[in-house]
2 protein chains.
Amino acid sequence: MRLISKEHKIFGIIRVMDTKILKLEHFLTEFYESAEFPKGLAEPAKYSLMAGGKRIRPLLFLNLLEAFDLEVTTAHYQVAAALEMIHTGSLIHDDLPAMDNDDYRRGKLTNHKKFDEATAILAGDTLFFDPFYVLSSSDLSAQTIVSLTRELAYASGSYGMVAGQILDMAGEGKDLTLTQIEQIHRLKTGRLLTFPFVAAGIVAQKTNQEIEKLRVVGQILGLAFQIRDDILDVTATFAELGKTPGKDVLEEKSTYVAHLGLEGAKISLTDKLSEVKKLLTELNVTDSSEIFKIIEQLEVE
Amino acid sequence: MRLISKEHKIFGIIRVMDTKILKLEHFLTEFYESAEFPKGLAEPAKYSLMAGGKRIRPLLFLNLLEAFDLEVTTAHYQVAAALEMIHTGSLIHDDLPAMDNDDYRRGKLTNHKKFDEATAILAGDTLFFDPFYVLSSSDLSAQTIVSLTRELAYASGSYGMVAGQILDMAGEGKDLTLTQIEQIHRLKTGRLLTFPFVAAGIVAQKTNQEIEKLRVVGQILGLAFQIRDDILDVTATFAELGKTPGKDVLEEKSTYVAHLGLEGAKISLTDKLSEVKKLLTELNVTDSSEIFKIIEQLEVE
């Protein structure tokens, strides 16, 4: 119990202050409170959706829209929710005994520990399908929905996250090069972190050239995110991390820290975050925008 | 080895004769032979996609289009492939140790037995995402793609297949009423069998009234399909079924056969198939169409 409240204090700062997070969570909760859904499926889906995620991906998307001078509407929350659903479903499956076999996630029991393995598999599955229902039910133009659907599926399946997960597993216990590590993370974490950038470009009707530049920003940020994760795995405590630290070493994973050393990894992270800020400035996103604040939160001391 | 060849002889009759199946399988194979995909993911996905499925859902969709006087195009094969991918992914997850724990499917080793559990989870996952990429990459109108995406996600997630799967698991070992059994199958098998009917209506630009009638046809056929499954579970051999028979009794599942008796279940199946034919005739689908032949193949002696 103490762990959970401690975790809330650390991650809670952003969470409580941001009305976007509250609105997003309201949408997610309401969706899974539909009387049509069996409780045995909706409850585990809601459990993991509401387990204290930092909502980094939805926040990037929604704040980018504002940086592009758009007024954020319900439809945009639907896009944000779809993205968060897929991210959450992937965490549930990642934690399964056959995969990472984790008991804790964000300081709470993982889905299969709280419920059971079959339920966790199905809760993950439903969090992969429902986003496409939510997305295609929004009042965005049909052309925008098709583009977003294509990008979201691209980011998630054989072109993205799941492919990265397979490569990550295959690489365990092997001595990977930095290029191989980057390829894994480009897919596993990078694609879904790139989606908010590309999606914001699509919704804001940016030119193809601008959208491709946004894609590059997302890709670099995705790598930064992974480097940060590798750093925290060796520097953070369970309470700070909300999950068991030191697992990378235990599972003989090739990490940025293993390759670059702790200081080298920190320098690489700082470089990548600077590059992200530089590119965003070129896209007329000002450094007073919320986007910059989110990116600055990724810095480690 | 003998089992596999025997299974092929029985299911082979439809498979070899139908060019639609060959074209569909060509598309599915080609998709997963993309050089971009890691082999460790594409191979298991292809293994289950090519494990001798009867392609009932794609065939219903493609033959309905022809019954509606449409010329079948590549885009229609993309819709059919999307549907078959989700169906296949759901079988992979159904067979997992935490779920039905099956070693054989269609006379071949199940995905997690051929590969491993983590791979099977991820192969299923990718078969849930990729269809939305395929669908949104087709050259159908944006409005048609959005409608199809919405219906496909509706059929698969918390409104459909996954919800039915949760209810099915919760019902094991319990004495369910016929209404409860029907509710499970309406979701678990019914929704994805309804999709080809609704999707054909959408693609053929039928009126909303006609689309809703097509939905009813699909729902009834879905129940017929389940009744047939329950009958075969007690009457068929491993070789005929391609999987272990008698599992329903073993797992104390409430089945139509348990409720209606074997003869009662057979009568109910015949009734439902007649109703399907009657409704299709009202929708100007003639009894000389391929659709009728597919439906007649569902009859049991």
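The values are calculated or read from the model by the stated rules, or taken from the named source; none is laboratory data. The model shown is predicted, which means the values in this text are computed figures rather than measured ones. Virtual Cβ from ideal backbone geometry, glycine too; neighbours counted across all protein chains shown. Calculation scope for accessible area: heavy atoms of the full protein, side chains included, ligands and nucleic acids excluded. Shrake-Rupley method; radii C 1.70, N 1.55, O 1.52, S 1.80 Å.
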Flag for A:Ala45 being of a type outside the set (S, T, N, Q), assigned to a helix (DSSP H, G or I) and within 24 Å of A:Phe292 (Cα to Cα): no
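Yes/no per residue for (1) of a type outside the set (Asp, Glu); (2) open to solvent by 50 Å² or more (accessible area, probe 1.4 Å); (3) closer than 30 Å to A:Ala258 by Cα:
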residue	(1), (2), (3)
A:Lys114	yes, yes, no
A:Ile145	yes, no, no
A:Thr149	yes, no, no
A:Arg191	yes, no, yes
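Quick check, is B:Glu299 more than 27 Å from B:Met99 (Cβ to Cβ), of a type in the set (D, E, K, R) and modelled with pLDDT under 95?
Taking the combined requirement at face value, the residue satisfies it.
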Flagged in segment B:266-301 as over 23 Å from B:Arg105 (Cβ atoms) and touching a Phe, Trp or Tyr at 6+ places or on another chain (Cβ under 7 Å), in numbering order, are B:Ser268, B:Lys277
Just name the residue that is nearest to the other protein chains (Cβ to nearest Cβ) out of those in segment A:132-141 that are open to solvent by 20 Å² or more (accessible area, probe 1.4 Å) and small (Gly, Ala, Ser). A:Ser137
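Which of the residues that make up segment B:21-32 are over 27 Å from A:Gln165 (Cβ atoms) and either β-branched (Val, Ile, Thr) or modelled with pLDDT under 90 (or both)? Walk me through it before giving the result.
From segment B:21-32, those over 27 Å from A:Gln165 (Cβ atoms) are B:21-24, B:26; that's our starting set.
Across segment B:21-32, the qualifying residue is only B:Ile21.
Per-residue answers, yes or no, for (1) over 14 Å from the mean Cα position of the chain (by Cα); (2) modelled with pLDDT under 55; (3) open to solvent by 50 Å² or more (accessible area, probe 1.4 Å):
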| residue | (1), (2), (3) |
| --- | --- |
| A:Phe11 | yes, yes, no |
| A:Ile14 | yes, yes, no |
| A:Thr19 | yes, no, yes |
| A:Ser34 | yes, no, no |
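Each row is one residue, and each column tells you yes or no for (1) of a type in the set (Val, Ile, Thr); (2) within 22 Å of the chain's Cα centre (by Cα).
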| position | (1), (2) |
| --- | --- |
| B:Thr189 | yes, yes |
| B:Phe197 | no, yes |
| B:Asn208 | no, no |
| B:Ile231 | yes, yes |
| B:Ser268 | no, yes |
Taking B:Lys174, is it modelled with pLDDT under 95, in a loop (DSSP other than H, G, I, E, B) and open to solvent by 40 Å² or more (accessible area, probe 1.4 Å)? yes
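Scan segment A:62-103 for residues that are within 14 Å of chain B (Cβ to nearest Cβ), closer than 22 Å to A:Tyr154 by Cα and of a type outside the set (D, E, K, R) and report the count.
Step one: list which residues in segment A:62-103 are within 14 Å of chain B (Cβ to nearest Cβ), which gives A:75, A:78-79, A:81-83, A:85-102.
Next, from what is left, pick out any that are closer than 22 Å to A:Tyr154 by Cα: A:75, A:78-79, A:81-83, A:85-94.
Of the ones still in play, those that are also of a type outside the set (D, E, K, R) are A:75, A:78-79, A:81-83, A:85-93.
Final tally of qualifying residues: 15.
Every residue, every condition in (1) outside any loop (DSSP other than H, G, I, E, B); (2) buried (at least 21 other Cβ atoms within 10 Å of the Cβ); (3) not charged (D, E, K, R), yes or no:
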{"site": "B:Val198", "(1), (2), (3)": "yes, yes, yes"}
{"site": "B:Val216", "(1), (2), (3)": "yes, no, yes"}
{"site": "B:Gly222", "(1), (2), (3)": "yes, yes, yes"}
{"site": "B:Val234", "(1), (2), (3)": "yes, no, yes"}
{"site": "B:Lys278", "(1), (2), (3)": "yes, no, no"}
{"site": "B:Phe292", "(1), (2), (3)": "yes, no, yes"}
Kindly indicate whether any position in segment A:48-55 is within 14 Å of another protein chain (Cβ to nearest Cβ) and open to solvent by 30 Å² or more (accessible area, probe 1.4 Å). no
Scan of segment B:88-106 for residues that are aliphatic (A, V, I, L, M) and under 22 Å from B:Pro58 (Cα atoms), ordered by number: B:Leu91, B:Ile92
Residue by residue through segment B:91-112, note down the ones that are surrounded by fewer than 22 Cβ atoms within 10 Å (Cβ to Cβ) and out of contact with any strand residue (DSSP E or B) (no Cβ under 8 Å at 6 or more places or on another chain). B:Asp94, B:Pro97, B:Ala98, B:Met99, B:Asp100, B:Asn101, B:Asp102, B:Tyr104, B:Arg106, B:Lys108, B:Leu109
What is the number of the single condition among (1) touching a residue at least 12 places away in the same chain (Cβ under 8 Å); (2) open to solvent by 10 Å² or more (accessible area, probe 1.4 Å); (3) more than 16 Å from B:His87 (Cβ to Cβ); (4) within 7 Å of another protein chain (Cβ to nearest Cβ) that B:Tyr154 does not meet? (3)
Select from segment B:177-189 the residues that are open to solvent by 20 Å² or more (accessible area, probe 1.4 Å) and of a type outside the set (S, T, N, Q) and write down the one among them that is farthest from the other protein chains (Cβ to nearest Cβ). B:Leu178
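Got a number for residues in segment A:104-124 being more than 10 Å from chain B (Cβ to nearest Cβ) and within 26 Å of B:Glu172 (Cβ to Cβ)?
So the count comes out to 6.
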Checking B:Met169 against (1) touching a Lys or Arg at 6+ places or on another chain (Cβ under 9 Å); (2) under 20 Å from A:Phe37 (Cβ atoms); (3) at the interface with another protein chain (Cβ under 9 Å from one of its Cβ atoms); (4) open to solvent by 30 Å² or more (accessible area, probe 1.4 Å): exactly one of these is not met. Which one? (1)
Determine, yes or no, whether B:Glu240 is open to solvent by 40 Å² or more (accessible area, probe 1.4 Å), more than 14 Å from chain A (Cβ to nearest Cβ) and out of contact with any Phe, Trp or Tyr (no Cβ under 8 Å at 6 or more places or on another chain). yes
All-but-one check, A:Gly160 against (1) at the interface with chain B (Cβ under 7 Å from one of its Cβ atoms); (2) open to solvent by less than 10 Å² (accessible area, probe 1.4 Å), failing number (1)
